[in-house]
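Colleague: Take this structure first; my questions come after.
The values are calculated or read from the model by the stated rules, or taken from the named source; none is laboratory data. Here the structure is a predicted model, which is why all the values come from computation and not from measurement. Virtual Cβ from ideal backbone geometry, glycine too; neighbours counted across all protein chains shown. Areas reflect the complete protein model, heavy atoms only, side chains present, ligands, DNA and RNA absent. Shrake-Rupley method; radii C 1.70, N 1.55, O 1.52, S 1.80 Å.
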Amino acid sequence: MAKVICFDIDGVLTLDSDTDHQDLSGTYATRKVNNRVKDLISKAVASGWTVTLCTGRKEGSRRLTENWLYANGIEYHFLFMDKPYFMYFVDDRSRTVEEIENIVDGKKG
């Protein structure tokens, strides 16, 4: 199986998840990076993982999002915009940040 990890941006890679829908560019541009997840992504890339970012942000926010990722030194391979909207996501492969840290470190997942 390919070594691929997908991270959400808002509320996972960023410390903030609330969105001001009247001022998306201001909201997204001022997000603070979650350094724990940033470090985990860097470690995953260095360990040979393909890192995909998936966000509910609309395609019109792609350039702003890519600029934010670059300005914050976030390494990634693919960026998917416009994921379906949901309040909760249930999946058989969902993992916590702690579990992903163990997987990247080569410990049992």
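Colleague: Within the set of other residues whose C-beta is less than 12 Å from the C-beta of L69, count the net charge using Lys and Arg as +1 and Asp and Glu as -1.
Modeller: Local charge sum for L69: +3.
Colleague: Can you pull the one-decimal nm distance between simple spin-label points at K107 and N67, each 7 Å off the Cα toward Cβ?
Modeller: Rounded to a tenth, the inter-label distance reads 4.0 nm.
Colleague: Express as a percent, rounded to the nearest 5, the fraction of DSSP beta bridges in the chain (both residues included) that run antiparallel.
Modeller: Antiparallel bridges: around 10 percent, rounded to the nearest 5.
Colleague: Note down the magnitude of the dipole of the chain about its Cα centre, charges +1 on Lys and Arg C-beta and -1 on Asp and Glu C-beta and zero elsewhere, to the nearest 20 debye.
Modeller: So the dipole magnitude of the chain works out to roughly 300 debye.
Colleague: At 1.4 Å probe radius, can you tell me the per residue accessible area of the chain in Å²?
Modeller: 66
Colleague: On the accessible surface of the chain, probed at 1.4 Å, how many percent belong to carbon and sulfur atoms?
Modeller: Result for the chain: 52 percent of the exposed heavy-atom area is carbon or sulfur.
Colleague: Modelling each spin label as a point 7 Å along the Cα-to-Cβ direction, I'd like the F78/E98 distance in nm, to one decimal.
Modeller: With each label placed 7 Å out from Cα toward Cβ, I get 3.0 nm.
Colleague: For the pairs K3/K58; K83/K107; K3/K38, flag any whose C-alpha to C-alpha distance is greater than 21 Å.
Modeller: Table pairs above 21 Å Cα-Cα are K3/K58; K83/K107.
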